[in-house]
Amino acid sequence: TKRVVNPLFEKRPKNFGIGQDIQPKRDLSRFIKWPKYIRLQRQKAVLQTRLKVPPPVQQFQSTLDKQTATQLFKLLDKYRPETKEARKERLKQRAAAKAQGKDDAPTKRAPVVRHGVNSVVTLVEKKKAQLVIIANDVDPIELVLFLPALCRKMGVPYCIVKNKARLGRVARRKTTSCMAITQVESGDRGALSKIVETVKTNYNERAEEIRKHWGGGSLGSKSAARVAKIEKMRAIELAKKA
């Protein structure tokens, strides 16, 4: 049967020759010259999967699971440091009270999270930290490389979470490498002890396993295919000999 063609619709075939119709959109992502910082971070990611990564560095890849991390950050948000505006207001009120001739009693320090490597290390060494939180993407990683070992030695619970910027938001900064909880309100002690329990089983008590677990060392698709081909040839040769 002949197809009925509507005479109102005229056929206009496109010609994609040079200087003719506009070319169709193609996926050119493989041919884009990416900015240098993107190239670097991609090369770094590839290198980390190819090279053998020693256990002290590899341990930063095992981060806290999503559910526990959500509970942890919900708790941390209650103990964020005060804002500049709040501090200004507090000092203003204190100055006003002093001007009226009242006793200048310094306000009691509220329990807040402490951040930064120096503060956290001091708290761990004095065993004042109840929980230490370390970011997994600190660059250079050497800044926090010793922290898990120190926490294990001092018997302080520690965990590794994704994203230094997420930790930084709690501390009202762009990023922060690590954080420590020193004390919490009586209402939050139950939530903290639950998190500490989970963290201990996942990190502190797995010290021996973490110490032996290397990372990386996985081949690219071409290298893996080449190795597989050689193995196949060997298997054929052995079969012939047998």
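The values are calculated or read from the model by the stated rules, or taken from the named source; none is laboratory data. Every value quoted in this text rests on a predicted model; they were computed, and no experiment measured them. Please note that ligands, DNA and RNA were not included when accessible areas were found on the heavy atoms of the full protein model with its side chains. Shrake-Rupley method; radii C 1.70, N 1.55, O 1.52, S 1.80 Å.
A Stokes-Einstein calculation at 37 °C with viscosity 0.692 mPa s, built on the Kirkwood radius of region 1-110 over Cα pairs, returns a diffusion coefficient of 138 µm²/s. Helix-only arithmetic for the chain: the sum of -39500 (n - 2.57) across DSSP H runs with n ≥ 4, divided by the residue total, places the mean residue ellipticity at 222 nm at -14000 deg cm²/dmol. Per residue, the chain exposes 77 Å² of solvent-accessible protein surface, assessed with a 1.4 angstrom probe and all protein chains in place. If you wrap region 51-158 in the convex hull of its Cα atoms and look at it from every side, the mean projected area works out to 9.4 nm². Applied to region 22-36, the Karplus parametrisation 6.51 cos²θ - 1.76 cosθ + 1.60 on θ = phi - 60° returns per-residue 3J(HN,Hα) values of 5, 5, x, 5, 10, 7, 9, 4, 6, 9, 6, 8, 6, x, 4 Hz, with x for Gly and Pro.
Backbone geometry of region 222-230 corresponds, through the Karplus equation with coefficients 6.51, -1.76 and 1.60 at θ = phi - 60°, to 3J(HN,Hα) couplings of 5, 5, 4, 5, 5, 5, 4, 5, 4 Hz, x marking Gly and Pro.
Taken one residue at a time, the phi angles of region 102-110 give Karplus couplings (6.51, -1.76, 1.60, θ = phi - 60°) of 7, 5, 8, 8, x, 5, 5, 6, 6 Hz. Gly and Pro are set to x.
Once you've got the Cα coordinates, tell me which of Lys126/Lys194; Lys84/Lys108; Lys44/Lys162; Lys84/Lys194; Lys128/Lys194 are over 21 Å apart.
Pairs exceeding the cut-off: Lys126/Lys194; Lys84/Lys194.
The coefficient of translational diffusion for region 26-87, derived via Stokes-Einstein from the alpha carbon Kirkwood radius under 37 °C and 0.692 mPa s, stands at 201 µm²/s.
Over all pairs of different C-alpha atoms in region 11-55, the reciprocal of the mean inverse distance, the Kirkwood hydrodynamic radius, equals 14.7 Å. The share of accessible area on the chain that comes from carbon and sulfur is 54 percent, using a 1.4 angstrom probe. With viscosity 0.890 mPa s and temperature 25 °C, the Kirkwood radius over alpha carbon pairs of the chain converts through Stokes-Einstein to a diffusion coefficient of 104 µm²/s. For Val53, the residues 5 or more places off, or on other chains, whose built amide H falls under 5 Å of its own are Gly215, Gly216, Gly217. Overall shape: prolate for region 139-242, with the ratio a/c of the largest to smallest alpha carbon gyration tensor axis at 1.5 or above and a/b above b/c.
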